[in-house]
């Protein structure tokens, strides 16, 4: 007796009823499944079904329809930060910064596709053979990437970066050891003083989390406009306008890029612009906005160090094909970007802000950087535990900006260690 085969038959039979309901309940699903069994009678393979087998099928289908199937238990675990599905039979998780294979499995590729469809349906996006990869966010803020066969060999590949509700304010970052108290005070002052901040780091290093936490210190009266590929940011301010890019349709038309949205944003009277990720020609519009009075802008970029951030920002700005010389782009970077916040995931899986670096000036056609705070590693033990400390390296040159905006900051926090 193949319980998975029976489940597939039940799912196919009741999908029309279930799909037509706006709000599902366990009671409704149980009732429909029982009707299915009653309609089949006690003949054939259904006659050999035990009561426990029926209950197992009902519970599994309830989990599919009301939650996210087998991975719902992983989604509910607050200690799991990431879920990586490599086809139906291999589900990995990240816990305490370490990736490991879980005991969770999908019954089939069909069940995995059903869960993917359920996750993506509320977003209005699609993923299928004609468009086999997509990024989107769940209603709880978790970020999802899906790539389907034949691009993904061995079944659908799904990566879920969970939204961590345990990190809501800057003190939470201090408790986790991501920053220290001095850095926390500096960050809050930077937001209040409308300093332009660029959050850099590798995938999964905590860039978006830090941005979201710091955005909570933006005043409620400010008009914030966010630009994202997927709805990842959850801002607390009421006066927030969230803009999303749009992929092309089946005919390859109708695409709306970050640059299209950024240009429109400048006409929307923003007090602050938050750019979910800089990855292409929108970098040029971002730099021009910084240099035309749009203070307090926040943005994310993938880079391995503050100096690499400058190189990557310059390179992506060249995508705009404006035929500007390199020195002109570097000049805009030096005059527009104030601070680079570098994120890293260390050998023991912990996440640290390893550099808070000031973009100081342009000298001899080179952008000059100067560290304000830095995390220095003392040693890495045999079991990969990282020991180190945060150090201060002196105040930034834009210190008068705090006074100009009436923001008080204890200058002793910058005293070099």
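The values are calculated or read from the model by the stated rules, or taken from the named source; none is laboratory data. These figures come from a predicted structure and were not determined experimentally. Positions of Cβ are backbone-derived with ideal geometry, glycine not excepted, and every protein chain shown enters the neighbour counts.
For the stretch 57-91, a residue qualifies if it is surrounded by fewer than 20 Cβ atoms within 10 Å (Cβ to Cβ) and at positive phi, and exactly one does: 87. When residue 62 is tested against (1) touching a residue at least 24 places away in the same chain (Cβ under 8 Å); (2) over 23 Å from the mean Cα position of the chain (by Cα); (3) part of a loop (DSSP other than H, G, I, E, B), only condition (3) is not met.
Looking only at the stretch 159-172, residues that are in a helix (DSSP H, G or I) and either at pLDDT 95 or above or in contact with a helix residue (DSSP H, G or I) (Cβ under 6 Å, 6 or more places away or on another chain) (or both) come to 1 in all. Among the criteria (1) surrounded by fewer than 21 Cβ atoms within 10 Å (Cβ to Cβ); (2) more than 21 Å from residue 404 (Cα to Cα), the one residue 179 does not fulfil is (1). The set of residues in the stretch 124-158 that are closer than 18 Å to residue 233 by Cα and over 14 Å from the mean Cα position of the chain (by Cα) comprises 124, 125. Of all residues in the stretch 359-382, those satisfying the criterion of being in contact (Cβ under 8 Å) with a residue 12 or more places away in the chain, surrounded by fewer than 16 Cβ atoms within 10 Å (Cβ to Cβ) and more than 23 Å from residue 335 (Cα to Cα) are 376, 377, 380.
Please verify whether residue 49 is touching a helix residue (DSSP H, G or I) at 6+ places or on another chain (Cβ under 8 Å), at pLDDT below 75 and surrounded by fewer than 16 Cβ atoms within 10 Å (Cβ to Cβ), treating the condition exactly as stated. Steps first, please.
Details: touching a helix residue (DSSP H, G or I) at 6+ places or on another chain (Cβ under 8 Å): yes; at pLDDT below 75: yes; surrounded by fewer than 16 Cβ atoms within 10 Å (Cβ to Cβ): no.
When the stated conditions are applied, residue 49 does not pass them.
With respect to the conditions (1) under 14 Å from the mean Cα position of the chain (by Cα); (2) within 20 Å of residue 290 (Cβ to Cβ); (3) outside any loop (DSSP other than H, G, I, E, B), residue 189 falls short on a single one, namely (1). For the stretch 140-158, check the following and say yes or no: at least one residue is surrounded by fewer than 14 Cβ atoms within 10 Å (Cβ to Cβ) and touching a helix residue (DSSP H, G or I) at 6+ places or on another chain (Cβ under 9 Å). Within the stretch 140-158 (the criterion being surrounded by fewer than 14 Cβ atoms within 10 Å (Cβ to Cβ) and touching a helix residue (DSSP H, G or I) at 6+ places or on another chain (Cβ under 9 Å)), the answer is yes, since at least one residue qualifies.
When you look at residue 291, is it at pLDDT below 95, within 29 Å of residue 395 (Cβ to Cβ) and surrounded by fewer than 18 Cβ atoms within 10 Å (Cβ to Cβ), yes or no?
Values: at pLDDT below 95: yes; within 29 Å of residue 395 (Cβ to Cβ): yes; surrounded by fewer than 18 Cβ atoms within 10 Å (Cβ to Cβ): yes.
Yes.
From 280, 293, 254, grab the single residue that is touching a strand residue (DSSP E or B) at 6+ places or on another chain (Cβ under 7 Å) and part of a loop (DSSP other than H, G, I, E, B). Walk me through it before giving the result.
On the way: 280 fails: touching a strand residue (DSSP E or B) at 6+ places or on another chain (Cβ under 7 Å); 293 fails: touching a strand residue (DSSP E or B) at 6+ places or on another chain (Cβ under 7 Å).
None of the other options fit; the residue is 254.
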